[in-house]
Every structure is written in C-alpha cells, then in structure tokens.
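The values are calculated or read from the model by the stated rules, or taken from the named source; none is laboratory data. Just so we're clear, the structure is a prediction, and the values are computed from it rather than from any experiment. Note that each Cβ is placed from the backbone with ideal geometry, even for glycine, and that neighbours are counted across all protein chains shown.
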Amino acid sequence: MIFNARVAQVPGALGALWIRSYDTHEIAVVAKSKDVHSNFYTNTYGVLVWACIVDMTFVNLPNIANRYVDYQSNLENNPVLDTLRSVFDGLAALS
C-alpha cells in the first residue's frame with residue numbers, strides 16, 4: 001500500500017504499471033486525430049497514443065481501481081513517448 005501511495009504522486013505512473021502487463025502491440029495505436037502532437041520525432045508517420053479502454057476488449061479491470069482510473073485520466077489517448085518520459089521523470093524525482 002505504501003508503494004501505491006508514493007507512486008500515485010506521479011500522474012500516469014500507476015496506469016502505466018497496470019497497462020504494461022498487456023501486449024505492447026495492443027495497448028498503443030497510431031492516433032486518428034490530427035490534433036495529437038508529440039515532443040519526440042520518430043521515423044513513423046503519425047503519433048503513437050495509448051489506446052482507449054473501450055477499444056481494448058481483452059482488458060480486465062485491476063483489483064486496485066486507482067490504476068485503471070490513473071490510466072484513463074493521464075494516459076488514454078495521449079502520446080506514449082511524452083507520457084512515459086513524464087512518468088519516468090516523476091518517479092526519478094521521488095527518490
């Protein structure tokens with residue numbers, strides 16, 4: 001419980017821990033919206049975003065609901081590289 005309380009201080013951290021238990025190729029998609037931009041340049045066309053929960057029929061709700069809520073609030077439909085960088089930086093600042 002102490003771990004969750006500490007990590008919950010970093011938006012997106014609990015959600016990233018939860019969703020990464022699934023296949024990487026199924027949890028991220030190329031954004032359909034042209035309004036999504038990333039601070040990172042890649043050689044691919046489009047921006048990779050976290051998939052919406054409703055589109056991932058294989059997802060099981062976690063026992064600890066705050067991980068699911070954190071995913072929806074801070075990651076869903078947001079650029080993968082930007083949000084992961086933010087999560088890593090936030091976790092590093094906790095130590």
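Does any residue of segment 4-20 turn out to be among the β-branched types (Val, Ile, Thr), within 15 Å of the chain's Cα centre (by Cα) and farther than 22 Å from Ser95 by Cα?
Start the filter on segment 4-20 by keeping residues that are among the β-branched types (Val, Ile, Thr), which leaves 7, 10, 19.
Next, only the ones that are within 15 Å of the chain's Cα centre (by Cα) stay: 7, 10, 19.
In the following step, the residues that additionally are farther than 22 Å from Ser95 by Cα were identified as 19.
Scanning segment 4-20, I find at least one residue that is among the β-branched types (Val, Ile, Thr), within 15 Å of the chain's Cα centre (by Cα) and farther than 22 Å from Ser95 by Cα, so the answer is yes.
For (1) hydroxyl-bearing (Ser, Thr, Tyr); (2) under 11 Å from the mean Cα position of the chain (by Cα), each residue gets a yes or a no:
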site	(1), (2)
Asn43	no, no
Tyr68	yes, yes
Asn74	no, yes
Ser86	yes, yes
Ser95	yes, no
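Is it the case that some residue within segment 49-59 is of a type in the set (A, V, I, L, M, F, W, C) and out of contact with any helix residue (DSSP H, G or I) (no Cβ under 8 Å at 6 or more places or on another chain)?
Yes, the conditions are met somewhere in segment 49-59.
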*Within segment 14-24, which residues are farther than 15 Å from Val87 by Cβ and either touching a Cys at 6+ places or on another chain (Cβ under 8 Å) or at pLDDT below 90 (or both)?*
Ser21, Thr24
*Which pairs have Cβ atoms under 7 Å, sit 6 or more apart or on different chains, and link a residue in segment 62-86 that is touching a residue at least 12 places away in the same chain (Cβ under 8 Å) and aromatic (Phe, Trp, Tyr) to one that is surrounded by 14 or more Cβ atoms within 10 Å (Cβ to Cβ) and in a loop (DSSP other than H, G, I, E, B)?*
Tyr68/Pro62
*asked:* I'm trying to understand the selection: among the residues of segment 29-83, which are of a type in the set (Phe, Trp, Tyr) and in contact with a Gly (Cβ under 8 Å, 6 or more places away or on another chain)?
replied: Tyr68, Tyr71
